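Below: one structure, written as C-alpha cells.
The values are calculated or read from the model by the stated rules, or taken from the named source; none is laboratory data. Everything quoted here is computed from the prediction, not taken from an experiment. Cβ: placed from backbone, ideal geometry, glycine included. Neighbour counts: every protein chain shown. Please note that ligands, DNA and RNA were not included when accessible areas were found on the heavy atoms of the full protein model with its side chains. Shrake-Rupley method; radii C 1.70, N 1.55, O 1.52, S 1.80 Å.
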Amino acid sequence: MKAIWENIFKKGPVNDPILHAIHQVPIFKHLNGKELNEISRLTHERDYRLGESIFKKMAPGEGMYVIIQGNVTIKDPDTGMVFAQLCSGDFFGELALLDEEPRSAMAEAQEPSKLIGFFRTDLLTLMHRSPELGNKILINLSRVLGERLRQTNIALAKKSS
Amino acid sequence: MNDSSLKIYRLLLFVLIGGLVWTVLPFFASVIVMLIFSFLFTTIFLPSVDSLERKIHSRSFSVILIIGGTIVAFIWFLGSFATNIGAQIKQFSAKIQQDDFALSLEGLSNKAQTILPDFLTNLIPESDEIIEKSQESLSGLFQNMLSFLSATGSLFFIAVMTLIFTIILLVEYHDFKRTLVRFIPNKYLEVGLRLIYNIEQQISKYLRGQLMAAGSVALLSIIGLFILNQFGANMTLIVFIGIIAGFANLIPMVGPFVGMIPAILVALMNNLGSDVALAHQLFGVIPSPFYILDIIFMFIVVQQIDNNLITPILVGESVGLHPMIVMIVLLIGGTLMGPLGMLFAVPTAGVIKVILDEIQFISRNSHLL
C-alpha cells in the first residue's frame, strides 16, 4: 500500500538525476514537475571520456550542457587560459540557444563525465509544441543573460575605476 | 596506409555496400514503402497531434482522435463517392443502351471533322469505328477494374500496416528521435541534431505547403465547375472531382492533367445525347462539344492561379531546388517508381539537398569537430 502511495505522490526531480540536475539550472527555474518532465524528454544524455572535447573553439554553437557528474574545463586552446572549472549541477553554452555564433572557448571533460545537452533545435521544438513553456524558458534565459551583463558591467566599472 | 589507398578502400567499401543494398532491396521494398509512407503521414499529422496533446495532455488519446477522425473522414468520402459514382454509371449504362449514344458519338465525330483542318481529319476515325472502339475500351475498363480489385487485397494489407506504423511513430516520435540521437558519436552530436532538424523542417514545410496548395486547387476547381454549371455544363460530382483534382495536384507537372480526366468523363457521361451540349461554343466562338474545352480551359486557369499565386506563397522556396532539377528528379522518380516515384521525387531531392549541404558544412568545419 505504501509503495502505491509513494508512487503516486513521488517527487520526480529528487529521484531522477536528470530531473534533479535540470531543476538546479536557473534557465529551468519556476517550472512545475510536468514541465520539467517535458524538458527532460527533450534533453540528450551523453558520456564523455577524460580529455574529450565537448565542443571546440569557433565551432558553430548549437546549445547548452548541464553537468550531471564529472568536471569540465572551459578554456581558450590558443592561450591556454582557463575561464572556468565546472562540476556537477553547473551549466555552460547557454548563449548558443539563441544564436548560431561560433563558440568563444572550448569545453573539455577533465574526468569521465555525464552531461545532458539541451539544444536550440530542442528549444524550437518545445516552442512549437508548448509555446507557454517555451516562453518561460526564454524569459529565464533572458534573466540569466541580463545577470551576466550586469556582472560584466560591474567588473568593467571596477577595472576602469 | 597512405591517403590514396585509403580512398580506394573507401570507394570499394562504398561500392560493396551499394551492391549489397541493391541486391537486398527488392526483398524489403514493400516494407520500405510502408515505412516511407508512415514517415510522411507522421510528418503531416505530427503538428496536429502535438497541439492536441498540449490541450488534452494525453499523446495516445491525441493520436487516436486525429487518426480516427481522418479515417472516418476518408471512409465517408470514399462511401459517398462510391454511391454517387455508382448512380452515375448506372445512369450512363442506361444511356448507352439507347440509340442516342451512337448518334451523339457520330455527331461528335462529324463535328470534329468539320472543325479540324483537312490534314488532321484523316486521323479522326469513322463513327462506326469510334463506337466499336469506345465499347472495346469500356470492356477493357471493366477488366482493369477486376484486376484492380484483385490487387486491393495486398493494398489493404499495406494500408493497415502503414496505419499501424504511423500510429506507433506518432505516439513514440520524440522518444524515437532521442534514441536515434543516442547513436550519434559525441563529435558529431551538434551537427547531427542540426541535420535531423533541418530534414524534419524541409519535409514538413514541403508537405504542409503541398497539402494546402492541393486544398486550394480542390476549392478553386469546385468553384470553376460550379461556374461552368451556371453556363449549362450539367456537371455532377463537383465536390469529388474537385477533391480528386486537388490530390492529383500533389504530383507536380503531371497531376493537373490527371485531375482533368474525371471532369471530362463526367461531362461526356452527362451530356451525351444533348444537341445543345454538342453544339456548345467556348466564348461563343471556339467549338467546344460537351463543354470539353471549357473544362480544359477552367483547369488551365486554376493551374495558373495555383502556379503563380498559391504555390509560391504557400510552398515558397521551401525545397529550394532549381526548376530544371525538379523536372529531372521528376523524370527519374517517374521512371523508377511511376506516379508514386513522382510524388516522392521532389521531397526526396529536398532531403538529399539538405544532407549534401550539411556534408559541405561538416567538411568546411571538420577541424572544429
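For A:Ser53, what charge total do you get from the other residues with a beta carbon under 11 Å from its beta carbon, if Lys and Arg give +1 and Asp and Glu give -1? Neighbourhood net charge equals +4. Helix screen, chain A: DSSP H segments with Cα axial length of 15 Å or more and mean Kyte-Doolittle hydropathy at least -0.5 are A:131-160. Each residue was assigned an accessible area with a 1.4 Å probe, and for B:Phe157 the value is about 120 Å².
In the neighborhood of A:Leu95, defined by Cβ-to-Cβ distances under 10 Å, what is the net charge if each Lys or Arg adds +1 and each Asp or Glu adds -1?
Residues close to A:Leu95 contribute a combined charge of -1.
Between A:Lys158 and B:His57, the distance separating the two model label sites (each 7 Å from Cα on the Cα→Cβ line) works out to 4.6 nm. Here the peptides B:237-247, B:24-34, B:283-293 are ranked by packing, the mean other Cβ count within 10 Å, and the order with the highest first is B:237-247, B:283-293, B:24-34. Ratio of Rg to Rh for region A:11-151: 0.96 [Cα atoms; Kirkwood radius as inverse mean 1/r over pairs].
The distance linking region A:104-161 with region B:72-87 is 55 Å (Cα centroid to Cα centroid, whole angstrom).
With all protein chains kept in place, the per residue accessible area of region A:11-151 amounts to 48 square angstrom at a probe of 1.4 angstrom. Ordering B:Thr23, A:Thr121, B:Thr311 by accessible surface, largest first, gives B:Thr23, B:Thr311, A:Thr121; the 1.4 Å probe counts only protein heavy atoms, with every chain in place. Cross-link pairs exceeding 21 Å between alpha carbons, from the set A:Lys136/B:Lys187; A:Lys56/B:Lys177; A:Lys34/B:Lys55; A:Lys56/B:Lys187: A:Lys136/B:Lys187; A:Lys56/B:Lys177.
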